[in-house]
Structures are given as C-alpha cells and as structure tokens.
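Down below is the structure, laid out as structure tokens.
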Amino acid sequence: MMEPVEHEFTCPYCWEVISMVIEPTPEQQSYIEDCEVCCRPIEIRFAGDKDGLTMFEADSIEQ
C-alpha cells in the first residue's frame with residue numbers, strides 16, 4: 001500500500017495555492033474537485049508509485 005502524500009498546486013482559475021492529500025496508485029486516477037477558494041471545478045489527474053507522485057495535473061474545465 002502506498003502512503004498518502006500532501007501535494008500543493010495552483011488553481012487554474014483564481015491562481016490560489018491549494019493543498020490536498022492524495023493516495024497515489026500506479027494507474028492514472030481522474031476526478032473533479034471544486035477549488036476551496038473560488039469554488040470552480042478542477043479536473044485532477046494523478047498517478048504514483050511507492051516513492052510518491054509520478055504525475056499530477058490540475059486543469060480547468062471548459063464550460
């Protein structure tokens with residue numbers, strides 16, 4: 001089992017730095033999370049291994 005990691009990223013809308021705890025998995029994961037500052041939806045994609053995150057992307061969702 002991989003240990004959860006805390007990861008900081010910048011909101012693609014309001015440019016605030018957001019921190020979240022992620023449980024890395026070898027398979028790419030994807031989900032939608034609202035920015036805790038501006039409440040707009042962000043598509044989060046990540047993957048990892050026993051050493052932590054190997055890929056992380058946070059993109060705006062075009063509406």
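Taken together, the values in this text are just the output of simple stated rules run on the coordinates, not laboratory data. The structure presented is a predicted model; accordingly, all values stated were derived computationally and were not measured. Note: ideal-geometry Cβ built from the backbone for every residue, glycine included; neighbour counts use all protein chains shown.
Flag not set for residue 32, criterion: surrounded by 12 or more Cβ atoms within 10 Å (Cβ to Cβ), aliphatic (A, V, I, L, M) and without any contact (Cβ under 8 Å) to a residue 60 or more places away in the chain.
Taking the range 1-47 as the range and being assigned to a loop (DSSP other than H, G, I, E, B), hydrophobic (A, V, I, L, M, F, W, C) and under 15 Å from residue 60 (Cβ atoms) as the test, the residues that pass are 11, 14, 15, 35, 37, 38, 39.
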